[in-house]
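Here is the structure we will look at.
The values are calculated or read from the model by the stated rules, or taken from the named source; none is laboratory data. Every value quoted in this text rests on a predicted model; they were computed, and no experiment measured them. Glycine also receives a Cβ, built like all others from the backbone with ideal geometry; neighbour counts cover every protein chain displayed. Heads up: the accessible areas ignore ligands, DNA and RNA and are worked out on the full protein's heavy atoms, side chains in. Shrake-Rupley method; radii C 1.70, N 1.55, O 1.52, S 1.80 Å.
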Amino acid sequence: MHEFRWRLLWLSIPTLLLCLLLWPLLGLEYAFGTLAFAAIAYLIAHFYWLEKFALWLKQPELAAMPIGSGIWEDVFAALYQEIRRQTSSHTELTSALERFQHAASALPDGVVLLNNNDQIEWCNPPAEIQLGLNPAQDTGQPIGYLVRQTEFTSYLQAQDYAEPIKLNTLRNPDITLEIQLIPFGDKQKLLLCRDITPMEKIETMRRDFIANVSHELRTPLTVVGGFLETMEDMGSGIPENMRQYYKLMQEQTLRMRRLVEDLLTLSQLESNRTTPQEIEIDVPSLLGMLMTEGESLSSGRHSLKLEMDKNLNLNGAAEELHSAFGNLVSNAIRYTPEGGDITLKWSMRGDNAVFSVTDTGLGIEPEHISRLTERFYRVDRSRSRSTGGTGLGLSIVKHILTRHQAKLEIQSEIGKGSTFGAVFPAARVIRKNLIGT
Ligand code: ADP
């Protein structure tokens, strides 16, 4: 900028000085005449370069930029530098974008870039193969039109992308894909998909193995249990010094039978990916049954209470929910010392229906809470065994609740007690018609 000002001064000052010199020598007319001549020459020069500039702008190639003279030389030089800077940063950006596209194309996993209307902006070759996309036709199309499975549509609409989903493609149902959406920027999304068919096969083998082993163990255990019962019927037939061993055998056989039953339940739940049938469950009468079962398990050692909204039912699988709720009640009884209180509650919380079991038992330290639903995770192994636990109860509960789109909430304080709550979404809740009741 300073240079521009100097150039202006450096051209106009000598002209003015010349005029001032001519004034006393040749008179005012000559001085003004010279000034006017200089001004016109100056203007013509400006118009000339302006014209050149306008012409160049029609085809602005860097190599063809005029060089200019006077102040125009500076203008063109500054413009030249700016365009070169912009061209090089544009080239850098383009090559960075190309490198990113090459890297994303080389990924073994599928990547699809979605805009803020969930329309496809770009996808890499694995995504084309896995999702059957054709970039030439499908760019700009909403992803929901092209991946039509209901699991994906609900995942896209739910806006909760913390966990990936598993999907079998319509074109090849033997292929299992894991799909995750990752929001970024202004409501844009990255869709990642991975072929997990080999892992699914191993997982199926593991499930089948556990189911088969449990199934095979069932028969010998029933036989051993049966013989032990026959021996008990013999009564005095068991020698006195053998009685403690006999009792131990009975306890351990019962424990193994429980383990086998729980393992079978778990593997059935795991292999059954379909959502439970939409059947209305009469929750108040289910809770009535649970109270009776709980009282029999407690044998008068605890005080059991039931608080419920009698007009509240659920859509789901009755047997599964009986098992899940029963596990929570049995845990509360097993982990609450004699004289404790256990409260079963069934009510609405906002749009959700909640079944909770509160006890005044041992409580659980915070570091264990997030791990309780893992298989065979116990806070106190010996206590769990002595109360007849298998370490699989809460794992079964979690599976059943997940199948009902419900969540397990655990609150606990050491020495004060715990509350285990099953929170059901509004879609599963049925409010009974109150008219006429
Ligand atoms: P288990 O058969 O050992 O009871 P679960 O899966 O049902 O297995 O429970 C896992 C662990 O969580 C238990 O071993 C116990 O330590 C803890 N737990 C579950 N329910 C309660 C409760 N109501 N109070 C205290 N601890 C509990």
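Check the stretch 89-101 and report whether any residue there is touching a residue at least 12 places away in the same chain (Cβ under 8 Å) and among the hydroxyl-bearing types (S, T, Y). The answer is no; no qualifying residue exists. Is it the case that R383 is open to solvent by 20 Å² or more (accessible area, probe 1.4 Å), in contact (Cβ under 8 Å) with a residue 12 or more places away in the chain and either over 22 Å from the mean Cα position of the chain (by Cα) or near the ligand (Cβ under 8 Å from one of its atoms) (or both)? So R383 fits the description; yes. Being more than 29 Å from the chain's Cα centre (by Cα) and either in the same structural domain as V260 (by TED's automatic domain parsing) or on the phi > 0 side of the Ramachandran plot (or both) is the requirement here; does G340 meet it? Spelling it out, it is not the case that G340 is more than 29 Å from the chain's Cα centre (by Cα) and either in the same structural domain as V260 (by TED's automatic domain parsing) or on the phi > 0 side of the Ramachandran plot (or both). Considering every residue within the stretch 178-188, establish whether at least one is within 39 Å of the chain's Cα centre (by Cα), closer than 30 Å to D109 by Cβ, surrounded by 15 or more Cβ atoms within 10 Å (Cβ to Cβ) and β-branched (V, I, T). Within the stretch 178-188, one or more residues are within 39 Å of the chain's Cα centre (by Cα), closer than 30 Å to D109 by Cβ, surrounded by 15 or more Cβ atoms within 10 Å (Cβ to Cβ) and β-branched (V, I, T). Taken over the stretch 344-355, residues that are open to solvent by 60 Å² or more (accessible area, probe 1.4 Å) and under 26 Å from the mean Cα position of the chain (by Cα) amount to 3.
Filter the stretch 369-399 down to the residues that are in a helix (DSSP H, G or I) and out of contact with any strand residue (DSSP E or B) (no Cβ under 9 Å at 6 or more places or on another chain) and list them by number. Even if it seems obvious, please write down each step before you answer.
Initially, the stretch 369-399 is screened for residues in a helix (DSSP H, G or I), giving 369, 381-386, 393-399.
Scanning the stretch 369-399 gives R381, S382, R383, S384, R385, S386, G393, S395, I396, H399.
Looking at the stretch 386-401 only, could you name the residues that are more than 8 Å from the ligand (Cβ to nearest atom) and either surrounded by fewer than 18 Cβ atoms within 10 Å (Cβ to Cβ) or outside the structural domain of P284 (by TED's automatic domain parsing) (or both)?
Matches in the stretch 386-401: S386 only.
Filtering E151, E121, E128 for residues that are open to solvent by 50 Å² or more (accessible area, probe 1.4 Å), assigned by TED's automatic domain parsing to the domain that holds T169 and part of a strand (DSSP E or B) leaves a single hit, E121.
Scanning the stretch 361-375 for residues being within 31 Å of the chain's Cα centre (by Cα) and either among the basic types (K, R) or within 8 Å of the ligand (Cβ to nearest atom) (or both) gives a total of 7. Of everything in the stretch 316-343 that is within 14 Å of E280 (Cα to Cα) and either among the small types (G, A, S) or open to solvent by less than 30 Å² (accessible area, probe 1.4 Å) (or both), the residue that is nearest to the ligand (Cβ to nearest atom) is L321.
Could you tell me which of the residues T358, T419 is open to solvent by 40 Å² or more (accessible area, probe 1.4 Å), more than 8 Å from the ligand (Cβ to nearest atom), of a type in the set (V, I, T) and in the same structural domain as N311 (by TED's automatic domain parsing)? Explain how you work it out, then say what you get.
Details: T419 fails: open to solvent by 40 Å² or more (accessible area, probe 1.4 Å).
Of the residues listed, the single one that is open to solvent by 40 Å² or more (accessible area, probe 1.4 Å), more than 8 Å from the ligand (Cβ to nearest atom), of a type in the set (V, I, T) and in the same structural domain as N311 (by TED's automatic domain parsing) is T358.
Of the residues examined, E3 is not one that is modelled with pLDDT of 80 or more and either in a helix (DSSP H, G or I) or of a type in the set (D, E) (or both).
Whether any residue in the stretch 402-410 is within 7 Å of the ligand (Cβ to nearest atom), touching a residue at least 12 places away in the same chain (Cβ under 8 Å) and not small (G, A, S) is what I want to check. No; the residues of the stretch 402-410 include none that is within 7 Å of the ligand (Cβ to nearest atom), touching a residue at least 12 places away in the same chain (Cβ under 8 Å) and not small (G, A, S).
For every residue, the table says whether it meets (1) of a type in the set (S, T, N, Q); (2) at pLDDT 90 or above.
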site: H215; (1), (2): no, yes
site: T219; (1), (2): yes, yes
site: V223; (1), (2): no, yes
site: D233; (1), (2): no, no
site: I238; (1), (2): no, no
site: K247; (1), (2): no, no
site: Q250; (1), (2): yes, no
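Remark: A41 falls outside the filter, which requires a residue to be under 30 Å from I129 (Cβ atoms), open to solvent by less than 80 Å² (accessible area, probe 1.4 Å), modelled with pLDDT of 85 or more and not assigned by TED's automatic domain parsing to the domain that holds C123. Scan the stretch 280-287 and give yes if some residue there is of a type in the set (D, E) and open to solvent by 20 Å² or more (accessible area, probe 1.4 Å), otherwise no. Yes; the residues of the stretch 280-287 include at least one that is of a type in the set (D, E) and open to solvent by 20 Å² or more (accessible area, probe 1.4 Å).
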